[in-house]
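Visitor: Following this message is one structure expressed as structure tokens.
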Amino acid sequence: MGRSPARGQGAVVLAMLSAALLIAQHVAGRALRDALFLTSFPSTELPHAMLVAAAVGLVSVLSAARAMARFGPGRVVPGVLLASAVLFALEWRLLTLAPRAAVVLVYLHVSSVSGIAVSGLWSIVNERFDPHAVRTLATKLGVGLATGGLLGGLAAKTLSSAYGLRPLLLVLGASSVLSALGVRWLSAGSSALETSHQSAPSPKSETSTRYLGFMAALVALTGLSSAVVDFAFKTRVSAELASGPALLGFFAVFYMVVSVVTVVLQLTVARYTLGRFGIGAGLAALPVAVILLGALGIVLPATWVLVLLRGSGVALENSLFRAAYEPLYAPLPVAQKRSKKTLIDVACDRMGEALGSGTVLLLAALAPALAGRVALAVAVVASAGAVWLAAQLRHGYVAELAASLRSGRVQLDADDVRDATTRLTLSQTQLELNREALLRQIETLRSGPTPIPAKPRSELVLALESEDAARINAALLAGPIDKDLASLVIPYLEHDETAEAAVVALRSIATKIPGQLVDALLDGDLPLKLRRRIPRVLRIAAHPRVVRGLTEALAAAEPELRLRSALALRDLAEAHPTLAPPRRVVLEAAARELELAQTGMLDQVFTLLGFVVERDSLELSLRALGLEDEKLRGTALEYLEQVIPEPIRGGIWPHLQPGRRPRQAPKRTPAEIAAELRRSVG
């Protein structure tokens, strides 16, 4: 049974609140971390601290990833947050006894824990909500994250101005406890609380391995460029602001402004960009900004350029990039998410930071005067690689979504079906199976162990004139007929008693008389019962004239004739891809069906879509829409939203989700899409 709308909405609100609280703590913690460190140590020590933090963070991430794979993020993330609260209390006490040691501990603690907590929250969201919902929720959660960043920066500035830096550690400890409670409640009742041993391991494929590899490389490259830019930014700021309160005030205001920009981007540009251009554009937005502003910083290394470069990077990372990145995990099985997500999100980011810090140290040793400009050049090159990876992941996301459709079996009983779309699809499939079985039986009779010689023409003519159905059928099935008799045989398609035998006989000469058959198909004066059986003859006739005739029949006045012609075209195109009708013609026919809105409209539209969308995955997603499983339905909607072309999607979506309009999704390669449905029901 699916969740009720009220319960689902409550989970969304709780996810947004948890995200806001986590990021508020994250922003305030980073501001305090940077202010304490740059007050206690010179900025030249920052790369060393970043390297050590990356090493400590890597060990923490490996432990957290192993724990999440075994116990699930719903248990691990609250535990991490509670441990963080204890550390904040310890650091508060240690700051008066051993200030420099406390500052180092704060730097390592904040650098390690916040990334694990945020990544774990997204793991819970990906497990609780279906892929269709995750892509929508990513934008809402981004708003929560940005709002939390605004509140965190404001709290850090206000509290530090009134009480100094030390009390902020206690506030961060209290917020960690609240965050742990929120995350625990969010994960309650979902698979995020279950251990991975409760489900069978999902098979790994070469495609998913490459997909995860691209994700890891993207995170590492963005981490590298972020570390280089962050060092240049903080070095310039610390040179102009010496005192701890001044530094904390600057960083708090900086993160507040960035959070406001993030909210604006999330509510405007992010929604439009992801809706219009898709996940690839969202992933590429961050590295493209680094390339453009990094190039400007190389030419003009002014403070405002570095502030703009770092600020745009943080804002884009928390808006477009995050909203596009997190849904990448949605099609993957739970076990794979738990074992890989934290490693990729945090460990690869730490590795990127370590590479960036090492680059800065090396450049400072070899060419101190040019270190800043060369470091920015490194960030630009790394971002160029990230842009390429974003394009690969755009295709990979759809491929994994399609793999989830194919990796299981969808078997439905009548009681499983809830909607007309699924009933139409099932009835059409069953009808085709029954029809093909009957024709195979007829062909078997014709091709028995003792071939029956062809009847003389005179005997066939006499049989046709006898009006004896049994005799006519025997004559038609006796062997290949003369093409000159086609005009005499075609009328027998109208009669139920002789239709099957007439179809078999005409198929034997269909490629010799394509024009005659097409003329009968399009002749409005002939009985519809006769005309609607001609596509069954033409479906095996690989001839360009047949394709043109069936395509023309897509505009016929009779809905049944249009549907049967589309089915015949589909079979021809599957057997002979070069005979497939042009994409433009198919989409125009589908648009006409939506305008006419006649009986069987959905059946016809989806038959036509089979020319531009992979048929097997399309049928699986349609069947899944009739199930009660909410996550399965969401995966199907995500698939259909990705692959149905824009001119058709808007018209058909109200029939799939009454009263709702689809998000604008980018065009995808149909061969890339089909994974979560079959994996979910397998």
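Visitor: Report the residue count in the stretch 260-299 for those that are in contact with a Phe, Trp or Tyr (Cβ under 8 Å, 6 or more places away or on another chain) and surrounded by fewer than 17 Cβ atoms within 10 Å (Cβ to Cβ).
Guide: The qualifying residues number 0.
Visitor: For the stretch 59-73, name all the residues that are surrounded by fewer than 17 Cβ atoms within 10 Å (Cβ to Cβ) and of a type outside the set (Val, Ile, Thr).
Guide: Correct list: LEU62, SER63, ARG66, ARG70.
Visitor: If you check GLU552, GLU593, which single one turns out to be surrounded by fewer than 19 Cβ atoms within 10 Å (Cβ to Cβ) and assigned to a helix (DSSP H, G or I)?
Guide: Just one listed residue meets the conditions, GLU552.
Visitor: Go through the stretch 182-237 and count every residue that is at pLDDT below 50 and among the hydroxyl-bearing types (Ser, Thr, Tyr).
Guide: 4
Visitor: Do you know which of the residues in the stretch 359-383 that are loosely packed, with under 15 Cβ neighbours inside 10 Å and small (Gly, Ala, Ser) is modelled with the lowest pLDDT?
Guide: Within the stretch 359-383, the match that is modelled with the lowest pLDDT is ALA369.
Visitor: Out of all the residues in the stretch 79-101, which are farther than 18 Å from LEU22 by Cα and either among the basic types (Lys, Arg) or in contact (Cβ under 8 Å) with a residue 24 or more places away in the chain (or both)?
Guide: Selection gives GLU91, TRP92, ARG93, LEU95, THR96, PRO99, ARG100.
Condition check ((1) within 30 Å of ALA239 (Cβ to Cβ); (2) within 26 Å of the chain's Cα centre (by Cα); (3) crowded, with 24+ Cβ neighbours inside 10 Å) across all residues:
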| site | (1), (2), (3) |
| --- | --- |
| VAL13 | no, yes, no |
| LEU17 | no, yes, no |
| PHE41 | yes, no, no |
| ALA49 | yes, no, no |
| GLY57 | yes, no, yes |
| ARG75 | no, no, no |
| LEU87 | no, no, no |
| LEU94 | yes, no, no |
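Visitor: Right, here's the next one. If you go through the stretch 258-279 one residue at a time, do you hit one that is in a helix (DSSP H, G or I), touching a residue at least 24 places away in the same chain (Cβ under 8 Å), out of contact with any helix residue (DSSP H, G or I) (no Cβ under 6 Å at 6 or more places or on another chain) and under 19 Å from PHE231 (Cβ atoms)?
Guide: Among the residues of the stretch 258-279, not one is in a helix (DSSP H, G or I), touching a residue at least 24 places away in the same chain (Cβ under 8 Å), out of contact with any helix residue (DSSP H, G or I) (no Cβ under 6 Å at 6 or more places or on another chain) and under 19 Å from PHE231 (Cβ atoms), which makes the answer no.
The values are calculated or read from the model by the stated rules, or taken from the named source; none is laboratory data. Bear in mind that the values here come from a model prediction, so they are computed numbers and not experimental data. FYI the Cβ positions are ideal-geometry reconstructions off the backbone, even for glycines, and counts take in every protein chain you see.
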